[in-house]
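Engineer: Can you keep this structure in mind? I'll have questions shortly.
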Amino acid sequence: METIINPVVKVDAAFVYIIGFSLFLLFAITATMVWFVFRYSRKRHPRAADIRGDWRLELVWTLVPTLIAMSMFWVGWSSYAGLRNVPDNALTIETVAMMYSWIFIYPNEKETEDELVVPLGKPVRLEVTSDDVIHGLFIPAFRIKVDAVPGVHTYAWFLPDETGTYFIQCSEFCGVGHADMTAVLRVVTEAEYLAWLETEAADE
Ligand code: CUA
C-alpha cells in the first residue's frame, strides 16, 4: 500500500517556512538598516561611496532573492499538490451546498444534513457542488477551503488520522443564513462508521 502523506503536514510546513523566512528577513533587514544609520552617518562617513556597476553585488542581490522566492514557491507548490492529488483508495462522498446547509451523500445513497461521518485512517474525497449560489466548504482542521459553485463540480480530500469532532463552515457570503451554515465532521472508527452507514437516515 502506498504511504499517504497528510497534506495538513505539508500545508503547515509551507506556512512555517514562509513565516519563518519573513520574520528572519524582517529582523535582519531592520538590524542592517539601524547599523547603517550609525556606521554611515555623515559624521563618520562624510563622502558617500559610489557602488554603481559592481557586478558582484548585482549578482548577489539578484540571485539571493530569486532563490528565496523560488524556495517559497516550491514548498507552497508541493503542499498545494498534496491537497489536489487524491489517493486512489479514497472514499468518495458527494457534498452539495445549499442555502443554508450541507448535504452529504454516501456511496450507498445514505444522505445526511450538516453532519459528515467518516472512518478513521481512510482518505476521503469530497465531490463538491452547489444547488443555488456560491458557497465555500471550509474545514480548517484539514486545511480545506474550496468554493462550491452551482453547475461546477470540484473536489477536496483529506486524511482523517484522528478520531474526533471537527468544524465545517461556509466560507463564502451566501445570504442571511451564511453564518449559520455550519456542519460537523465526525471521524469515527471503521466499525462505528459501517454500523452508522447502515442505519436509516430517519434518526437524523
Ligand atoms: Cu453558504 Cu455562506
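All of the numbers you see were taken from the coordinates with simple rules; none came from a lab. Since this is a predicted model, take the numbers as computed values, not measurements. FYI the Cβ positions are ideal-geometry reconstructions off the backbone, even for glycines, and counts take in every protein chain you see.
Engineer: Between VAL64 and TRP35, what FRET efficiency comes out of the Förster formula 1/(1 + (r/R0)^6) with R0 = 22 Å and r the beta carbon distance, rounded to 0.05?
Structural biologist: Efficiency computed from Cβ-Cβ geometry: 0.75.
Engineer: If you don't mind, another one. Nearest 10 degrees, 0 to 90: what angle lies between the long axis of helix 7-39 and the longest principal axis of the chain (Cα atoms)?
Structural biologist: So the inclination is approximately 20 degrees.
Engineer: Using only helices, what value at 222 nm comes out for the chain when you add -39,500 (n - 2.57) per DSSP H run of length 4 or more and divide by the total residues, to the nearest 500 deg cm²/dmol?
Structural biologist: Calculated mean residue ellipticity at 222 nm is -12500 deg cm²/dmol.
Engineer: Using only the Cα atoms of the chain, each taken as one equal point scatterer with no solvent, compute I(q) by the Debye sum, divide by I(0), and report log10 of the ratio at q = 0.10, 0.14, 0.19 Å⁻¹.
Structural biologist: Relative scattering, expressed as log10 I(q)/I(0), comes to -0.58, -0.88, -1.36.
Engineer: Relative to the compact globular guide of 2.2 N^0.38 Å, what is the alpha carbon radius of gyration of region 1-47, as a ratio?
Structural biologist: Rg over 2.2 N^0.38 Å, computed on Cα atoms: 2.17.
Engineer: Over the Cα atoms of region 91-203, how large are the radius of gyration and the largest Cα-Cα distance (Dmax), in Å?
Structural biologist: For region 91-203, the Cα radius of gyration and maximum Cα-Cα distance read 13.2, 39 Å.
Engineer: Here is a follow-up. Which chymotrypsin sites (Phe, Trp or Tyr not before Pro) does region 1-90 hold that lie in a coil by DSSP with at most 16 other beta carbons within 10 Å?
Structural biologist: Sites meeting the loop and neighbour criteria: TYR40.
Engineer: Going by Cα centres, region 1-47 and region 134-182 are how many Å apart?
Structural biologist: Between the Cα centres of region 1-47 and region 134-182 lies a distance of 33 Å.
Engineer: What order do you get for 191-197, 6-12 when each peptide is scored by the mean count of other beta carbon atoms within 10 Å, highest first?
Structural biologist: Result, highest mean first: 6-12, 191-197.
Engineer: Please enumerate, by chain and number, the aspartates and glutamates with C-alpha under 17 Å from the C-alpha of LYS43, excluding those fewer than 8 residues away in the same chain.
Structural biologist: none
Engineer: Same structure, new question: Pull up the cross-link candidates among the lysines for LYS145, meaning alpha carbon to alpha carbon under 19 Å and not fewer than 8 places away within one chain.
Structural biologist: Partners within reach: LYS10.
Engineer: Which value in Å is the Kirkwood Rh of region 7-84 over different Cα pairs?
Structural biologist: It works out to 15.4 Å.
Engineer: Would you mind ranking GLU127, GLU94 by Cβ crowding within 10 Å, fewest neighbours first?
Structural biologist: GLU127, GLU94
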